[in-house]
Amino acid sequence: MLHRRLPKATIAVAAAALTASAGIGLTAGASQAATHPAQATYALKTLPGQGASWFYNQVNAAKSSIDLVMYELEDSTADTDLGNAAKRGVDVRVILDQREQSSNQTAYNYLTSHGVHVVWSWSKYYYTHEKSMVVDGSYVDIMTLNLQSQYYSTTRDFAVVDRNAKDVTAATKTFNADYAHSTITPPVGADLVWSPTNAQAKLTGLINNANSSLQIYSEEMDDPTVTSDLVNAANRGVKVQVVGENESGEYDSEYTQLHNAGVQISYYSDPSGFYIHGKVIMADYGTSAAKIFIGSENFSNTSLTENRELGLIINNSAVESSVNTSFTKDYNGGTKFS
């Protein structure tokens with residue numbers, strides 16, 4: 001499992017702002033009437049541009065409950081805000097990945113000493129690589145980013161603020177089971193993608209059903225099934241573009257297979273520079289059949305079949321347009337694989 005580390009471990013459509021009481025800035029979502037600032041069902045957050053202020057605002061605006069799952073938590077502001085929420089009576093529960101205790105121990109110690117209920121993730125899952133937060137039972141953040149403040153300014157990451165009630169219920173039910181270390185088949189809600197249950201089928205299905213284009217953000221390119229499916233997509237005439245990481249030529253073999261099939265690849269390779277950490281599959285952008293996946297799942301067997309991960313697949317033109325803008329910029333700015 002790769003995750004950003006220094007040095008690296010081996011492992012638009014504008015919408016009306018959400019109400020101030022919710023504390024959520026809106027980058028993209030369903031269109032809003034100017035006189036009625038109702039929250040969009042889906043709203044996109046994009047890093048590095050937006051940083052983590054939207055996350056802090058959510059925590060500070062929470063009224064009754066916060067359920068946070070985080071692979072790596074190294075953000076003293078987030079720690080303080082979560083502790084302050086518990087102090088004012090919010091029921092704050094946190095699951096931290098037990099294999100990443102070296103990154104998470106400081107947060108674990110601070111939070112437990114400030115009234116936050118914290119557990120280490122269940123060893124049933126190789127990693128709990130999920131990054132999500134349910135607030136007041138009203139919305140769930142589905143994130144590609146870890147809460148590591150040292151990387152906010154240089155990392156491409158995304159989060160979707162999801163107010164679909166079915167998704168919120170499904171995420172809450174799964175959190176309760178994972179917090180208690182009890183077995184569950186996670187409910188899919190309206191559009192959720194869970195590892196290790198349905199992720200591989202959902203992601204390969206999205207790739208295999210693409211008709212005109214695929215735009216891929218992936219930190220890792222290490223799953224033979226996904227690589228084969230992308231090759232097949234290119235061979236049947238789909239325009240496939242990949243933006244990813246390739247430090248020290250780590251994915252030269254997979255990238256060569258893709259390049260030989262006509263896949264266009266742009267990569268970054270400096271672990272201390274701009275870094276592609278987001279995980280996105282956008283299919284058939286600009287058509288009525290367009291769909292987009294955003295989540296924590298990487299293209300690796302561990303991520304898709306052994307970890308606890310969470311993403312979603314939606315059709316939302318404003319989210320897709322915003323991601324397309326970032327993707328075009330990042331593709332043009334990377335090194336072209338040849």
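The values are calculated or read from the model by the stated rules, or taken from the named source; none is laboratory data. Just so we're clear, the structure is a prediction, and the values are computed from it rather than from any experiment. Cβ atoms come from the backbone with ideal geometry, glycine included; neighbour counts cover every protein chain shown. SASA here: full protein model, heavy atoms, side chains in, ligands and nucleic acids out. Shrake-Rupley method; radii C 1.70, N 1.55, O 1.52, S 1.80 Å.
Residue check: is SER103 under 18 Å from ASN146 (Cα atoms), of a type in the set (Ser, Thr, Tyr) and open to solvent by less than 20 Å² (accessible area, probe 1.4 Å)?
Yes; evaluated as a whole, the condition is true for this residue.
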Item to check | Residues satisfying the stated conditions in region 146-169, i.e. more than 14 Å from TRP54 (Cα to Cα), open to solvent by less than 10 Å² (accessible area, probe 1.4 Å) and either assigned to a helix (DSSP H, G or I) or of a type in the set (A, V, I, L, M, F, W, C) (or both) | outcome: ASP167, VAL168
Checklist entry - Just a yes or no: is a residue in region 46-56 at positive phi and within 21 Å of the chain's Cα centre (by Cα)? => result yes
Checklist entry - Is it the case that region 205-214 has a residue that's buried (at least 16 other Cβ atoms within 10 Å of the Cβ) and on the phi > 0 side of the Ramachandran plot? => result no
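Matching residues to (1) part of a strand (DSSP E or B); (2) in contact with a His (Cβ under 7 Å, 6 or more places away or on another chain); (3) closer than 21 Å to ASN324 by Cα; (4) not polar (S, T, N, Q):
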{"residue": "SER228", "(1), (2), (3), (4)": "no, no, no, no"}
{"residue": "VAL240", "(1), (2), (3), (4)": "yes, no, yes, yes"}
{"residue": "GLY244", "(1), (2), (3), (4)": "yes, no, yes, yes"}
{"residue": "HIS259", "(1), (2), (3), (4)": "no, no, no, yes"}
Next on the checklist: Of everything in region 114-126, what is buried (at least 23 other Cβ atoms within 10 Å of the Cβ) and closer than 21 Å to THR197 by Cα? Give them in sequence order.
Outcome noted: SER121
Next on the checklist: All but one of (1) of a type outside the set (Gly, Ala, Ser); (2) under 22 Å from ALA199 (Cα atoms); (3) touching a helix residue (DSSP H, G or I) at 6+ places or on another chain (Cβ under 6 Å); (4) surrounded by fewer than 23 Cβ atoms within 10 Å (Cβ to Cβ) hold for VAL134; state the number of the condition that does not hold.
Outcome noted: (4)
Checklist entry - Within region 170-201, which residues are under 30 Å from GLY51 (Cβ atoms) and open to solvent by 20 Å² or more (accessible area, probe 1.4 Å)? => result THR172, TYR179, GLY189, ALA190, ASP191
Checklist outcome for this item: Among (1) open to solvent by 10 Å² or more (accessible area, probe 1.4 Å); (2) in contact with a helix residue (DSSP H, G or I) (Cβ under 7 Å, 6 or more places away or on another chain), GLU297 falls short only on (1)
